[in-house]
Each structure stands twice: as structure tokens, then as C-alpha cells.
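A short write-up of the structure that comes next.
The values are calculated or read from the model by the stated rules, or taken from the named source; none is laboratory data. Source: prediction; values computed, not measured. No Cβ is skipped: glycine too gets one built from the backbone with ideal geometry, and neighbour counts run over all protein chains shown. In case anyone asks, the SASA skips ligands and DNA or RNA and just uses the protein heavy atoms, side chains included. Shrake-Rupley method; radii C 1.70, N 1.55, O 1.52, S 1.80 Å.
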Amino acid sequence: WLDTLPPQDSFEGVVGALNSWAATDPTGMQLWIESPETAGDPVADQARRSLADVVSGTDINAAMALALSMDNASNRADAVARYYREWRRRDDNGAQEWLFDSWSDLPSGVQERLEREQMR
């Protein structure tokens with residue numbers, strides 16, 4: 001039903017549905033995210049964000065992996081920065097170690113955003 005509405009009208013409903021799905025069936029959502037039909041689908045990026053929100057409290061590495069797998073570069077950089085900030089609040093040494101180990105593999109836009117986070 002949400003797909004029948006204009007995007008500006010359906011956005012909040014889609015986010016709410018994805019948040020509910022992530023909270024109640026994270027395994028099913030992960031399988032859907034990894035399926036070939038979600039490639040390039042902007043809803044899949046929001047699903048990654050919803051699922052990352054759920055898992056970030058118990059598995060920050062999984063949250064970072066989900067954020068880094070987003071297709072949209074801007075959304076990816078925003079999400080990685082968000083979970084990195086969260087990680088630093090809980091375990092600054094672990095977050096810094098991850099950043100050092102991962103730096104060369106991170107997309108340039110993510111590197112730029114994380115540099116700004118480091119200056120905070």
C-alpha cells in the first residue's frame with residue numbers, strides 16, 4: 001500500500017515498517033537485504049539503517065558493516081559516522097582501533113566524514 005503513495009507521503013510509513021521488521025525479524029530482514037532484488041533499491045539502504053539501529057547495541061561491527069554496504073554515498077557516510085560516534089561513546093579504544101585498521105578500505109566520502117568526527 002505504501003508503494004502506491006507519493007514518496008513524500010509514504011516515507012515515514014516505510015521507515016516505521018522497516019523499523020518494526022528490523023526489531024521483530026532481524027534475520028529475515030538481513031536475508032532480504034542480501035537478496036539480489038534489493039541491489040540499488042533506496043528502500044534497502046533504509047532497511048540497512050533500521051537493522052543497524054537494532055544491532056548496534058549488541059554488535060557494533062555488524063552495524064558498521066550494514067552502514068558501509070549502503071548504496072547511496074551520502075547516506076553511507078552519515079550512517080558510518082553515526083555508528084562510529086556511538087561506538088566511541090561506549091568504547092573509544094575499540095572504535096579508534098577499528099578506524100586505524102579499516103582506514104585504507106573505506107570509501108573517500110566516509111574517510112572525509114570520519115575525519116570530521118575525529119575533530120569533534
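Brief remarks on what is shown
- Fraction of accessible area attributable to carbon and sulfur, the stretch 2-120 (%, probe 1.4 Å): 51
- Listed residue (14, 63, 96) projecting farthest to the positive dipole end of the chain, Cβ model: 96
- Seen from residue 33, the other residues with C-beta closer than 13 Å to its C-beta sum to a net charge of -4, counting Lys and Arg as +1 and Asp and Glu as -1.
- Once C-alpha pairs closer than 8 Å and six or more residues apart are averaged by separation and normalised to the residue number of the chain, the relative contact order reads 17 percent.
- Fully extended contour minus Cα-Cα distance, from residue 31 to residue 74, at 0.36 nm per residue: 13.1 nm
- Distances between every pair of Cα atoms in the chain, grouped in 10 Å steps from 0 to the bin holding the largest one, split as 13, 43, 32, 11, 1 percent.
- Computed lengthening from residue 90 to residue 43, 0.36 nm per intervening residue step minus Cα-Cα distance: 14.0 nm
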